[in-house]
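Engineer: Could you have a look at this structure, given as structure tokens, before my questions?
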Amino acid sequence: MPAGRLVTTAHDVGFVGAGQLARMAGEAASALGVSMAVLAANPDDAACSVAGEVLVGSPFVEPDLRALVERCGVVTFDHEQVDLQIVDTLAAEGGVLLPGSATLEFAVDKAHMRTKFDAAGIPVPRFVVVEPGDGATKAVAHFAGVCGWPLVLKAARGGYDGKGVWPLTDRDEAEAVLARVGGPVVVEEMVPLDAELAVLVARRTSGDVVDWPAVETAQIGGVCREVLVPGRLPGHVGLVGVMAVELFWSEGRLLVNEVATRPHNSGHWTIEGAVTSQFENHLRAVLDVPLGSAAPQHNAVASVNVFGGVDGADPSRLRGRALAVDGAHVHLYGKGARPERKLGHVTVCGDDPGDVRARAWSAALALGTPAPEGIELPAGVAR
């Protein structure tokens, strides 16, 4: 292709990545009559069965990402494991990639996010960015002298779903982890958690914004296990699309933990629980058409993630048991079952928070998901 603007004609939207987020966006795209292509790591990834076209490749390989951009009016993201320089290059040539690299960097690089938010006066846990090298362990120990042990160490780039995060109890643990990471890290105080919250917001190119109500999430091992709407406690980025802001509620303080510049696990409840789902509004936002209402449609919603059990059973073989639970909306992602792999989610809507939570957990357990240690199950629901 000659230099100049990229040709973008075959599909309305392209997704970088073909996981469950792109799959659910594809379901929303079908209802809107929006044509979608995906750049998948593997031809059997979750979204491949709902995409109009599947390109197999990597966003870290410029020709692979270029091929997607050339075939789509706008390209957006299922994940933030991308090369920002390639995104910039293709955007400079006329490709439309939303959100852009300046926004993606907040999700790609935790050190960038923490530093920018802190400078803007946004409350975050106390932290320090530590560069690799001979002085790294000393820098962590010095920070511990200010905040005290234990601390939390996070790889600045590459971590997700609890990966790339290490609790540290002393200097020896810090030294061992730093030797494995090999790149910049963010070291944070370990804040006492009263609750973990999340807020979703969608913004279209022309500037209109909608936001869904704050939800309470339960994280085990860094992975979201359930989402409750409303939560059980009181309740700067040039964004286009959906962004999730993960928050800590700690001793009367609300602190920003992380952001995701894409649809997010904490928003799966919106498919049945809100007037407009996060996936539909993400598509509306990147296509720059009017956003839909984010208002809840029910007094209470509970969404529980489905994980593979130790026996590796396929939850689709158990779906009849889950669908026998009154009001259970079952979403399975078409992924191969293996222990501890996220395979789907179940949502229940209603009037009573305790009742919908009990039914959601009953349906998830019926699909074979193990009840994680650290979560107190609702009354009447057995592990």
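Engineer: Is there a residue being of a type outside the set (S, T, N, Q), within 11 Å of Thr347 (Cα to Cα), surrounded by 17 or more Cβ atoms within 10 Å (Cβ to Cβ) and touching a Phe, Trp or Tyr at 6+ places or on another chain (Cβ under 6 Å) anywhere in segment 273-288? Full working, then the answer.
Structural biologist: First, the residues of segment 273-288 that are of a type outside the set (S, T, N, Q): 273-275, 279-280, 282-288.
Okay, now just the ones that are also within 11 Å of Thr347 (Cα to Cα), so 273.
Imposing the further condition that a residue be surrounded by 17 or more Cβ atoms within 10 Å (Cβ to Cβ) reduces the set to 273.
Retained after the next criterion (residues that are touching a Phe, Trp or Tyr at 6+ places or on another chain (Cβ under 6 Å)): none.
No.
Engineer: Another question, then. What are the residues in segment 355-381 that are open to solvent by less than 30 Å² (accessible area, probe 1.4 Å), outside any helix (DSSP H, G or I) and under 21 Å from Gly320 (Cα atoms), if any? Give the derivation first.
Structural biologist: Narrowing segment 355-381 to residues open to solvent by less than 30 Å² (accessible area, probe 1.4 Å): 356-358, 360-361, 363-364, 366-367, 369, 371-372, 375, 377-378, 381.
Keeping just the survivors that are outside any helix (DSSP H, G or I) gives 367, 369, 371-372, 375, 377-378, 381.
Selection gives Leu367, Thr369, Ala371, Val381.
Engineer: Please determine whether any residue of segment 313-326 is within 25 Å of Gly241 (Cβ to Cβ) and outside any loop (DSSP other than H, G, I, E, B).
Structural biologist: First pass over segment 313-326, keeping only residues within 25 Å of Gly241 (Cβ to Cβ): none.
No, the conditions are met nowhere in segment 313-326.
Engineer: Right, here's the next one. State all residues of segment 331-352 that are open to solvent by 40 Å² or more (accessible area, probe 1.4 Å) and out of contact with any Leu (no Cβ under 7 Å at 6 or more places or on another chain); if no residue qualifies, say none.
Structural biologist: Correct list: Gly334, Gly336, Arg338, Pro339, Glu340, Arg341, Asp351, Asp352.
Engineer: Could you tell me which residue of segment 245-272 is most open to solvent (accessible area, probe 1.4 Å), considering only residues that are in a loop (DSSP other than H, G, I, E, B) and out of contact with any strand residue (DSSP E or B) (no Cβ under 6 Å at 6 or more places or on another chain)? Quick ask: steps written out before the conclusion?
Structural biologist: From segment 245-272, those in a loop (DSSP other than H, G, I, E, B) are 251-252, 261-264, 268-269; that's our starting set.
Among the residues that remain, those that are also out of contact with any strand residue (DSSP E or B) (no Cβ under 6 Å at 6 or more places or on another chain) are: 251-252.
Details: Glu251: 132, Gly252: 58 Å².
Looking at the filtered set, the residue picked out is Glu251.
Engineer: Shifting gears a bit: Buried (at least 22 other Cβ atoms within 10 Å of the Cβ) and not in a helix (DSSP H, G or I): is that true of Ala47 in this structure? Spell out how you get there, then give the answer.
Structural biologist: Values: buried (at least 22 other Cβ atoms within 10 Å of the Cβ): yes; not in a helix (DSSP H, G or I): no.
No.
Engineer: Test Gly73 against the stated conditions and say whether it is in contact with a strand residue (DSSP E or B) (Cβ under 9 Å, 6 or more places away or on another chain), modelled with pLDDT of 95 or more and either in a strand (DSSP E or B) or among the acidic types (Asp, Glu) (or both). Can you show your working first?
Structural biologist: Numbers: in contact with a strand residue (DSSP E or B) (Cβ under 9 Å, 6 or more places away or on another chain): yes; modelled with pLDDT of 95 or more: yes; either in a strand (DSSP E or B) or among the acidic types (Asp, Glu) (or both): yes.
Answer is yes for this residue.
Engineer: Six or more apart or on different chains, Cβ atoms under 8 Å: show the pairs whose first residue is in segment 39-65 and closer than 20 Å to Leu332 by Cα and whose second is open to solvent by less than 60 Å² (accessible area, probe 1.4 Å) and among the charged types (D, E, K, R).
Structural biologist: Ala46/Arg23; Ala46/Lys335; Ala47/Arg23; Ala47/Asp78; Ser49/Arg23; Val50/Arg23
Engineer: Taking Ala28 as the residue in question, decide whether it is at pLDDT 95 or above, open to solvent by less than 20 Å² (accessible area, probe 1.4 Å) and not β-branched (Val, Ile, Thr).
Structural biologist: On the way: at pLDDT 95 or above: yes; open to solvent by less than 20 Å² (accessible area, probe 1.4 Å): yes; not β-branched (Val, Ile, Thr): yes.
Yes, satisfied.
Engineer: For segment 184-200, state whether one or more residues are open to solvent by 60 Å² or more (accessible area, probe 1.4 Å), more than 12 Å from Phe127 (Cα to Cα) and at pLDDT 95 or above. First the steps, then the outcome.
Structural biologist: Pass one, segment 184-200, residues open to solvent by 60 Å² or more (accessible area, probe 1.4 Å): 190, 192-194.
With more than 12 Å from Phe127 (Cα to Cα) added as a condition, the list becomes 192-194.
Next, from what is left, pick out any that are at pLDDT 95 or above: none.
Checked against the condition, which is being open to solvent by 60 Å² or more (accessible area, probe 1.4 Å), more than 12 Å from Phe127 (Cα to Cα) and at pLDDT 95 or above, segment 184-200 yields no hits at all.
Engineer: Return the total of residues in segment 296-330 being touching a Gly at 6+ places or on another chain (Cβ under 8 Å), closer than 25 Å to Asp211 by Cα and open to solvent by 30 Å² or more (accessible area, probe 1.4 Å).
Structural biologist: Qualifying residue count for the region: 5.
Engineer: Quick check on Leu84: is it farther than 20 Å from Leu254 by Cα, in contact with a helix residue (DSSP H, G or I) (Cβ under 7 Å, 6 or more places away or on another chain) and surrounded by fewer than 20 Cβ atoms within 10 Å (Cβ to Cβ)? Spell out how you get there, then give the answer.
Structural biologist: Numbers: farther than 20 Å from Leu254 by Cα: yes; in contact with a helix residue (DSSP H, G or I) (Cβ under 7 Å, 6 or more places away or on another chain): yes; surrounded by fewer than 20 Cβ atoms within 10 Å (Cβ to Cβ): yes.
Yes, satisfied.
Engineer: Right, here's the next one. Restricting attention to segment 103-130, report how many residues are open to solvent by 20 Å² or more (accessible area, probe 1.4 Å), within 11 Å of Lys154 (Cα to Cα) and either among the hydrophobic types (A, V, I, L, M, F, W, C) or in contact with a Gly (Cβ under 6 Å, 6 or more places away or on another chain) (or both).
Structural biologist: 3
The values are calculated or read from the model by the stated rules, or taken from the named source; none is laboratory data. None of the values given here were measured: they were computed from a predicted structure. Positions of Cβ are generated from backbone atoms using ideal geometry, with glycine treated the same way; all protein chains shown enter the neighbour counts. Accessible surface areas use protein heavy atoms only, side chains included; no ligands, DNA or RNA. Shrake-Rupley method; radii C 1.70, N 1.55, O 1.52, S 1.80 Å.
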